[in-house]
Each structure stands twice: as C-alpha cells, then as structure tokens.
Amino acid sequence: MTWDGTERRRSKRYGVKDSSIKYRRAGLTSLFSNYSDRLLLLNFSEGGVHFITKEELPVGRKIQMLLEFPKITTSLRMTARVIWTRKSAEHDAFRTGVEITGISDKTKKLLRHVQDNTLLDNVKISTGMYLKEIKRL
C-alpha cells in the first residue's frame, strides 16, 4: 500500500530533544539478545514510536523497547510491532514506525507525564543529522 497523503494517525505526536530508544527482538530469544545501541527517538505517541536505525526491521517484527527521556531517571519499557520501514534515499539508514502492543500502567503514566511536559510537537531531524548525532552517543 502506498501512502496517499491522508493523515491516519489517531494520536498527537510528541518529540523530546535528547530522547533515545534501544530495542531488541521480542519473544523467547530476547532473553539471550542485547539491546541495540542508543538511537535517536524522532517522535512518539501513546500508540507508537518513530525512530531511525541502521538496521532494516521487517514489518511485523515484534520488539522490546527502552525509551529514555531527559529528566526521567528510569527507562520506559514496552513491546511493539514494526508497522513500516523506509530506506533513506540519502544515507545508509532506515526510518521505522512501530505500534506499541504492550505497556504497563506505570509506564503509561510516565509516558503521559512526558507528553504533558513536552514543549515540542515534533523533533525535526534529517538522516544526516541523525548519523552525526549517533556517532556522538
């Protein structure tokens, strides 16, 4: 299915400067796998997350995520499913969108706290900026 330009999002997106994500494959094998390197989190909502990764994640893959935000001392742990992935035309990277499929009530409350205290609607970052930033991490 190709995108026709119609906005289908049900939830407002939020971006927080210096926020990051780590992920790993979900399921039984996750017990033996490490989380990815810290990646920049482009935006999030109560239903999903958008980030850039060097690895192409197949649509449908289930992942475990750790979201990290400034001024929050704990990582927000949740599970998700890859909804879409797009290769960058400029760089060796992939934009990835995931749908949150599992989140505890405590984590949901913390995520709402982050949303309520966010001044930005979206973090605008090009893939080039991302790749420079990831080297800094």
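Brief remarks follow.
- In region 44-64, the count of residues that are open to solvent by 10 Å² or more (accessible area, probe 1.4 Å), touching a residue at least 60 places away in the same chain (Cβ under 8 Å) and closer than 23 Å to LYS106 by Cα is one or more.
- If the condition is being assigned to a loop (DSSP other than H, G, I, E, B) and either surrounded by fewer than 19 Cβ atoms within 10 Å (Cβ to Cβ) or among the aromatic types (Phe, Trp, Tyr) (or both), then region 16-28 contributes LYS17, ASP18, ALA26, GLY27.
- The numbered conditions (1) modelled with pLDDT of 95 or more; (2) surrounded by fewer than 18 Cβ atoms within 10 Å (Cβ to Cβ); (3) of a type outside the set (Ser, Thr, Tyr) are all true for VAL82 except (2).
- The set of residues in region 29-43 being outside any loop (DSSP other than H, G, I, E, B) and loosely packed, with under 14 Cβ neighbours inside 10 Å consists of THR29, LEU31, PHE32.
- Scanning region 65-79 for residues that are part of a strand (DSSP E or B) and either open to solvent by 10 Å² or more (accessible area, probe 1.4 Å) or at positive phi (or both) yields LEU66, GLU68, ARG77, THR79.
- The set of residues in region 85-98 that are without any contact (Cβ under 8 Å) to a residue 24 or more places away in the chain and either in a strand (DSSP E or B) or open to solvent by less than 60 Å² (accessible area, probe 1.4 Å) (or both) contains only ARG86.
The values are calculated or read from the model by the stated rules, or taken from the named source; none is laboratory data. Note that the structure is a prediction, hence the values are computed from the model and not measured. Positions of Cβ are generated from backbone atoms using ideal geometry, with glycine treated the same way; all protein chains shown enter the neighbour counts. Heavy atoms of the whole protein, side chains included, go into the accessibility calculation; ligands, DNA and RNA do not. Shrake-Rupley method; radii C 1.70, N 1.55, O 1.52, S 1.80 Å.
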